[in-house]
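Let me begin by presenting the structure, written as structure tokens, before commenting on it.
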Amino acid sequence: MSQRFHHYDEHEDANMIKVEVNLDDTPPEWLGYVMDKLFELGANDVYYIPIFMKKNRPGILLQLLCDQSKLDSLKEVLFKETTTLGVRYYPLSVHRLERRFQTLTTPWGDIQIKEGLHNGEVMQRSPEYDECKQIAEQNDIPLKEVYNRVWQLL
């Protein structure tokens, strides 16, 4: 029987699939649309990598991660929305850190800090981008200044 974990608990996902396709004739303006569709249907991650294909043609390697249960619907999007003639996929395990959120008070307001924990110990800390961006825009200050202040306060 498979054990289900809360998204924020540290755990390993053993039912993950990595999917990839090489695209050398899909118009670039379609790629954002394809990414949005893949995320809407449950892809955990989607990214593009520039590559060179046979005959030195520039292309794009589309890779995505998903739960095995989402594979068929995501392949359907790839076949319908890109020019690919084939999709590669293989099983993958992902070790996910526990996620916890803390509130940090800055001179401009509160910002959520995401923490990644391994065996109960904080390994990563990162301010939430959208909140940092909002503070930068509201206070007409550079985004990097917001980030620098956050790092000083941590």
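The loop-placed trypsin sites (Lys or Arg not before Pro) in the range 4-61, going by DSSP, that have at most 15 neighbouring Cβ atoms within 10 Å of their Cβ come out as Arg4.
Going by the alpha-carbon gyration tensor, a ≥ b ≥ c the square roots of its eigenvalues, is the range 82-139 rounded (a/c under 1.5) or, if a/c is not under 1.5, prolate (a/b greater than b/c) versus oblate? Please report the intermediate quantities before stating the final value.
Working: a/c = 6.43, a/b = 1.57, b/c = 4.09.
Oblate, since a/c reaches 1.5 and b/c is not below a/b.
Only one residue of Pro50, Val94, Val122 has its Cα farthest out toward the positive end of the dipole of the range 42-154, where Lys and Arg carry +1 and Asp and Glu -1 on Cβ, and that residue is Pro50. Residues considered: Gln138, Gln68, Gln112. Largest GNM mean-square fluctuation over the chain, using C-alpha springs under 10 Å, is found at Gln138.
Computed over the chain, the per-residue total of -39500 (n - 2.57) for DSSP H runs of n ≥ 4 gives a 222 nm mean residue ellipticity of -9000 deg cm²/dmol, rounded to 500. Computed from the C-beta positions of Asp25 and Ile49 and an R0 of 22 Å, the FRET efficiency is 0.85 to the nearest 0.05.
Amide H to amide H, with H built 1.01 Å from N, Thr106 comes under 5 Å of Ile111, counting only residues 5 or more places away or on other chains. Between Leu92 and Gln138, the C-beta separation translates, for a Förster distance of 30 Å, into a calculated FRET efficiency of about 0.15.
Counting pairwise Cα distances across the chain, what percent come out greater than 21 angstrom? Value for the chain: 61 percent of Cα pairs lie more than 21 Å apart.
Computed over the chain with a Gaussian network model linking Cα atoms closer than 10 Å, the most mobile of Leu97, Leu62, Leu143 is Leu143.
Rounded to the nearest 5, what % of the DSSP beta bridges within the chain are antiparallel ones?
Numbers: 39 of 39 bridges.
Beta bridges within the chain, antiparallel portion: roughly 100 percent.
Excluding ligands, DNA and RNA, the accessible surface per residue across the chain is 66 Å² with a 1.4 Å probe.
Here the accessible area of the chain is 48 percent carbon and sulfur, with a 1.4 angstrom probe and all protein chains present. For the chain, modelled as a GNM whose springs connect Cα atoms under 10 angstrom apart, the maximal fluctuation among Leu41, Leu92, Leu71 occurs at Leu41.
The values are calculated or read from the model by the stated rules, or taken from the named source; none is laboratory data. Worth saying up front: this structure is predicted, and the values here are computed from it rather than measured. Cβ sites come from the backbone with ideal geometry, for glycine too, and all protein chains shown count toward neighbours. Only protein heavy atoms, including side chains, enter the accessible area calculation; ligands, DNA and RNA are left aside. Shrake-Rupley method; radii C 1.70, N 1.55, O 1.52, S 1.80 Å.
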